[in-house]
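K.L.:
The structure is given below, and queries will be raised subsequently.
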Amino acid sequence: MPEAAEVQRLFARVASRYDLTNDVLSLGVHRAWRRRVVRAARVGVGDRVLDVCCGTGDVALALRATGARVVGVDFCMPMLARAAAKATGTGIRYAAGDALRLPFPDATFDAATVAFGVRNLADPCAGLREMVRVCRPGGRVVVLEFCRPRVPVVATLYGCYFRNVMPRLGAWVSGDRHGAYRYLQRTVEAFPERDAFLAWMRAAGLRDPGYTTVSFGIAAVYAGTVPEGAGAAGGGVPA
């Protein structure tokens, strides 16, 4: 798994053009994926939601549109600065924090989400357990991650784009010359997906985890329910 300091430096380098790069690389489709995350979280007016590895805040903004009370947490300050600027007047709160040691008490939130962040953690299973800990029993944990298409023609075309086009295009649009989008390729190809990731969710304590693939299997939305008695004693600042 990646070193935390390496991930922090990588995202700091690309923060200024991160949103533009996402739009170009995905042709804007990532916005629809994030809406799927919001639906899977099953939150509404007044619910408390934590967005982990929040980046520049797109998921947090989509969650806030439901009327939920949203907190975003990330350990990359340039990303948080951009998220806060985009969220002016929305009531979204942002906090600096490590996804492996979330600075919130047990059972604080009605749901926790993470988009394209779990595979960047030094210990993804520990990150999932932390999300379970800070959610109330019956709450939802939702994860959006890339996966590999299984339809042969889509898999071939996507593999060519992902390995050959995307790293070069990402470097050009973002202005990064240190391999940030090669890193993306490596981590996606090495990361457990589909049923293997569901096993991680069960091991983290989630009940009845499942997933739905989107865009011909390029990404997947995973969701599970926090059972009674989940989590361990913890501390921190309340949301």
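K.L.:
Just how large is the dipole of the chain about the Cα centre, in debye to the nearest 20, putting +1 at every Lys and Arg Cβ and -1 at every Asp and Glu Cβ?
P.N.:
Rounded to the nearest 20 debye, it is 460 debye.
K.L.:
Quick one: net charge of Pro209's neighbours, Cβ under 12 Å, K/R +1, D/E -1?
P.N.:
+2
K.L.:
Within 13 Å, Cβ to Cβ, of Ala95, how many net charges do the neighbouring residues add up to if Lys/Arg are +1 and Asp/Glu are -1?
P.N.:
-1
K.L.:
Looking at the stretch 58-179, send over the antiparallel percent of its DSSP beta bridges, to the nearest 5.
P.N.:
That works out to approximately 10 percent antiparallel.
K.L.:
Tell me, Ile92, Ile218 in order of fewest to most beta-carbon neighbours within 10 Å?
P.N.:
Ile218, Ile92
K.L.:
Give me the net charge for the shell around Cys125: Cβ to Cβ below 13 angstrom, other residues only, Lys and Arg +1, Asp and Glu -1.
P.N.:
+2
K.L.:
Fewest to most neighbouring Cβ within 10 Å: what's the order for Thr88, Thr113?
P.N.:
The fewest-first ordering by Cβ neighbours comes to Thr88, Thr113.
K.L.:
For a quick check: with amide H placed at 1.01 Å from N, whose amide H comes under 5 Å from Phe191's, ignoring anything fewer than 5 positions away on the same chain?
P.N.:
none
K.L.:
Restricting attention to the stretch 14-90, which trypsin sites (Lys or Arg not before Pro) occupy a DSSP loop and are surrounded by at most 16 other Cβ atoms within 10 Å?
P.N.:
Arg42
K.L.:
Still on this model: Toward the positive end of the charge dipole of the chain, about the Cα centre and with charges on Cβ (Lys, Arg +1; Asp, Glu -1), which of Val114, Ala95, Val14 goes farthest?
P.N.:
The listed residue farthest towards the positive side: Val14.
K.L.:
Give the residue list of trypsin sites (Lys or Arg not before Pro) in the stretch 142-177 that are DSSP loop and have at most 12 other beta-carbon atoms within 10 angstrom.
P.N.:
Here the sparse-neighbourhood loop sites are Arg150, Arg177.
K.L.:
Next up: Using a 10 Å cut-off around each Cβ, can you sort Glu193, Glu6 from fewest to most neighbouring Cβ atoms?
P.N.:
With the fewest neighbours first, Glu193, Glu6 line up as Glu6, Glu193.
Throughout, read-outs are computed from the coordinates displayed, never taken from laboratory work. Remember, it's a predicted structure, so these values are computed and weren't measured experimentally. We place every Cβ from the backbone using ideal geometry, glycine too, and count neighbours over all the protein chains shown.
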